[in-house]
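Engineer: Can you keep this structure in mind? I'll have questions shortly.
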Amino acid sequence: MTLIEFVDAIVGDLECSCSTIEEMMEKYDVDFGVEVNEVEEELGARHNLERCAGCDWWMDASELAHDYDGWCGYCEDCRPAST
Ligand SMILES: [Zn+2]
């Protein structure tokens, strides 16, 4: 399994969950050297999947952006209330 194959395989598991990359590595028995941040980068680049900085849930990057303000990294439930 390559990094890309791994990333493509875990998207379905991660989406709308708060599983960690480490858990996925265990589940898929990843036996190649890979850093968590490399996996996160590929998830974002290939699948637009990002992790909310507040609740740690994985979701589409568009959910983590303000309509008016752009990227904030927090989902609707976590982002600080704005006026
Ligand atoms: Zn959140």
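Values in this text are rule-based calculations from the coordinates and carry no lab data. This structure is a prediction, so every number in the text was calculated from the model and none was measured. Note: ideal-geometry Cβ built from the backbone for every residue, glycine included; neighbour counts use all protein chains shown.
Engineer: Binning at 5 Å from 0, report for the chain what percent of all alpha-carbon pair distances ends up in each bin.
Structural biologist: 3, 15, 27, 22, 14, 9, 6, 3, 1, 0
Engineer: With the contact rule set at Cα under 8 Å and sequence spacing of 6 or more, what percent relative contact order holds for the chain? Present the calculation step by step, with values, prior to reporting the outcome.
Structural biologist: Values: 86 pairs, mean separation 20.9, N = 83.
It rounds to 25 percent for the chain.
Engineer: Report, in deg cm²/dmol and to the nearest 500, the calculated mean residue ellipticity at 222 nm for the chain, where each DSSP H run with n ≥ 4 adds -39500 (n - 2.57) and the sum is divided by the residue count.
Structural biologist: -11000 deg cm²/dmol
Engineer: Counting other Cβ atoms within 10 Å, keep those with at most 11, restrict to DSSP loop, and tell me which chymotrypsin sites (Phe, Trp or Tyr not before Pro) in region 10-83 are left.
Structural biologist: For chymotrypsin sites (Phe, Trp or Tyr not before Pro) across region 10-83 that sit outside H, G, I, E and B with at most 11 neighbouring Cβ atoms in 10 Å, the list reads Phe32, Tyr68.
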